[in-house]
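*Asks:* Can you read through this structure? Questions will come right after.
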Amino acid sequence: MNDIVWLTMRRLRTPLILMILVYSLSVFILVHIPGQDEAGNPVQVGYLDAVYFVAITATTIGFGEMPYTFTHAQRLYAFIILFPNVIAWLYSIGTIISLFVDPQFRAVMARARFSRRVRRMSSNYYIVCGCGHTGRMILRGLLKRGISACILEREQSIIHSLALDDSLSHLPALSGDVTDRRLLDIAGLSEEVGHCIGVIAITNDDHANLTIAITSKLLRPDLPVLARAETRRVVANMASFGTDATVDPYTIFAQRFYLALTSPTKYLVQDWLISVPGTRLREEMNPPSGRWILAGIGRFGSRMAKTFDDAMVPYTVIDVHKERVDARPGSVLGRGTEAKTLQEAGISDAVGIIAGTGDDMDNLSIIMTAREMNTELFVVARQENPQNDELFDASGADLVARRSLIVARRIMAVATTPLLPVFNDHLIHEDVSFANSLKRRLSRILDGRSPSLWTMHLSGSWAASIRAAKKERIQLRLEHLIQNARSSTAEPLPCLCLLLERGSSRTFLPAPEEKLKEGDTLLFTGRGSARIEMLFALEEPTALLSIASGRPHPRGAVMRRLARKQAN
């Protein structure tokens with residue numbers, strides 16, 4: 001607000017001084033010019049009349065001569081003051097209009113509005129830096145889970161487009177330099193704003209994301225920082241000073257592709273857990289064994305090459321850069337879009353191809369040309385532009401590395417269900433029998449649709465049932481929580497507990513007989529209806545008591561006390 005006042009006074013100082021001087025002088029002289037009434041008696045114009053007359057003259061309204069008909073001297077004076085007053089008035093109005101259309105003033109006004117909206121936020125929110133395609137997916141995911149956000153974006157056009165989006169227009173948004181510490185402070189990074197729960201840096205500039213992460217960790221080391229990075233140098237840099245989650249989409253895809261090559265079941269179960277809730281479950285995918293062709297060995301291709309090396313899978317590289325080809329004996333120089341280059345790379349006896357260049361059209365061309373030469377190929381494609389989704393879907397690629405979707409999924413997992421990455425890491429390092437068991441249990445409850453994920457922290461109102469059970473000397477177990485409390489029969493809820501965290505200990509796929517204690521944190525997956533029933537059971541003290549004891553319990557505290565006395 002101080003910036004607005006200072007800028008306004010600086011711009012309006014000269015026109016206001018000019019208008020006040022001209023107006024005051026005009027009124028002062030008019031008061032001292034003698035006049036006369038209709039009878040010819042001398043009269044003096046009062047200050048109120050003089051102020052009124054000069055005002056209607058300066059604004060060109062001109063209601064007439066007040067209160068008496070002017071003398072020749074007064075009319076001559078009115079003629080003289082007409083022009084300077086009108087000019088001073090128009091000059092002031094013009095300056096005010098130019099002030100409101102001035103980009104600097106509009107930016108200051110926008111910053112003030114953004115600050116007010118942020119300070120009025122009463123619920124927990126993330127600061128999201130960057131609101132492109134990936135950012136919008138993350139914002140919608142946060143809102144679906146009851147978490148709000150404020151937005152910082154470099155492009156003004158993107159901020160304007162947000163105002164036209166019904167689902168996102170209510171969020172505070174500001175355009176500017178997302179690395180500016182002052183903007184981050186206004187967005188809630190400073191200690192004064194208490195509802196900020198983290199920073200998400202997902203611009204398309206690695207250096208900007210690195211700057212945001214460093215600034216956030218220096219000013220608020222307690223806040224989690226989730227940042228996107230696509231180069232190994234920046235990933236290592238972010239990890240060195242404690243960035244909570246560094247999302248490298250190419251590395252994530254390469255790791256998951258390695259899982260598909262070495263353990264299709266683990267890949268499938270992990271894919272089910274990170275898919276968009278409600279979408280159709282992916283069928284098991286089995287990449288063939290044999291020699292592959294890797295077209296493009298830049299940032300994406302180099303990670304895929306390491307995956308092949310780790311999995312001991314033979315492959316042939318195609319690249320347009322001679323130095324890269326020379327560094328790998330047996331590689332082929334070219335784009336991979338030409339039939340001759342693919343033939344030289346041995347497309348006829350290859351089992352799969354990865355179209356991994358940085359150009360979507362080249363990748364689509366590689367897919368189409370390769371499929372014409374070998375219809376049995378397993379095709380993996382890299383997609384950079386989200387607007388090409390339909391083209392890659394139509395290409396028939398078996399697996400598409402969609403950068404925006406990969407980043408959005410990982411950020412959402414860490415921001416809303418931080419225990420999910422922990423479980424996925426455990427899944428990767430466990431024996432395949434663990435994945436097979438999990439696959440069977442998930443198949444029984446999911447009904448062909450991707451599950452929802454939610455975390456239950458048994459504290460506050462969510463621990464009401466546990467506290468009530470303790471008074472009744474009843475031990476609540478996990479099997480009671482995953483049962484429908486509003487059903488007259490023992491109806492299990494369509495959900496599965498993936499992880500129970502108690503202090504520093506973690507139990508993966510806990511047994512139904514696991515005892516529940518206040519302070520426990522549980523990660524569930526399943527149908528959204530199961531979460532609703534679970535919340536009811538946790539917040540209604542008698543619901544779980546009735547299930548655990550096998551008999552109905554009165555809802556009122558007094559009646560429960562009487563029931564305990566009768567039982568004793």
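*Asks:* Could you tell me whether segment 2-101 comes out rounded, prolate or oblate from its Cα gyration tensor? Rule is a ≥ b ≥ c as square roots of the eigenvalues, rounded for a/c under 1.5, then prolate if a/b exceeds b/c, otherwise oblate. Mind dumping the intermediate values first?
*Replies:* Working: a/c = 3.28, a/b = 2.73, b/c = 1.20.
Cα axes put segment 2-101 in the prolate bin.
*Asks:* Let me check I've understood the local charge: for residue 280, count other residues with C-beta under 15 angstrom from its C-beta, Lys and Arg +1, Asp and Glu -1. What total comes out?
*Replies:* -2
*Asks:* Please label the shape of the chain as rounded, prolate or oblate, based on the square roots a ≥ b ≥ c of the eigenvalues of the alpha-carbon gyration tensor (a/c under 1.5 means rounded; beyond that, a/b larger than b/c means prolate, else oblate).
*Replies:* Oblate is the answer for the chain, as a/c is 1.5 or above yet b/c matches or exceeds a/b.
*Asks:* Further question on the same structure: Where the centroid of each part is defined by its Cα atoms, how far is segment 225-288 from segment 463-489 in Å?
*Replies:* For segment 225-288 versus segment 463-489, the Cα centre distance is 37 Å.
*Asks:* A follow-up question, please. Grab the other residues whose beta carbon is less than 13 angstrom from that of residue 377, score K and R as +1, D and E as -1, and report the net. Working shown, then result.
*Replies:* Working: positive: 291, 371; negative: 349, 372, 376, 398.
Local charge sum for residue 377: -2.
*Asks:* Can you sort 37, 349, 389 so the residue with the fewest Cβ neighbours within 10 Å comes first? Numbers along the way, then the final one.
*Replies:* Values: 37 11, 349 8, 389 15.
In increasing order of surrounding Cβ atoms, one gets 349, 37, 389.
*Asks:* Still on this structure, I have one more. Give me the net charge of residue 305's neighbourhood, meaning all other residues with Cβ under 11 Å from the Cβ of residue 305; Lys, Arg count +1, Asp, Glu -1.
*Replies:* Computed value for this residue: +1.
*Asks:* While we're looking at this one, here's another question. Any idea how far the Cα center of segment 382-446 sits from the one of segment 490-525, in Å?
*Replies:* 23
*Asks:* Another question, then. What is the fewest-to-most order of 134, 14 by other Cβ atoms lying within 10 Å of their Cβ?
*Replies:* 14, 134
*Asks:* Could you sort the peptides 161-167, 19-25, 461-467 by per-residue average Cβ neighbour count (10 Å cutoff), highest mean leading?
*Replies:* Packing order, densest peptide first, comes out as 461-467, 19-25, 161-167.
*Asks:* Continuing with this model, one more query. In whole Å, how far is the Cα centre of segment 161-203 from that of segment 51-94?
*Replies:* Rounded to whole Å, the Cα centres lie 51 Å apart.
Only the coordinates and a few stated rules stand behind these numbers; no lab work does. Everything numeric in this text was worked out from a predicted model, so none of it was measured. Positions of Cβ are generated from backbone atoms using ideal geometry, with glycine treated the same way; all protein chains shown enter the neighbour counts.
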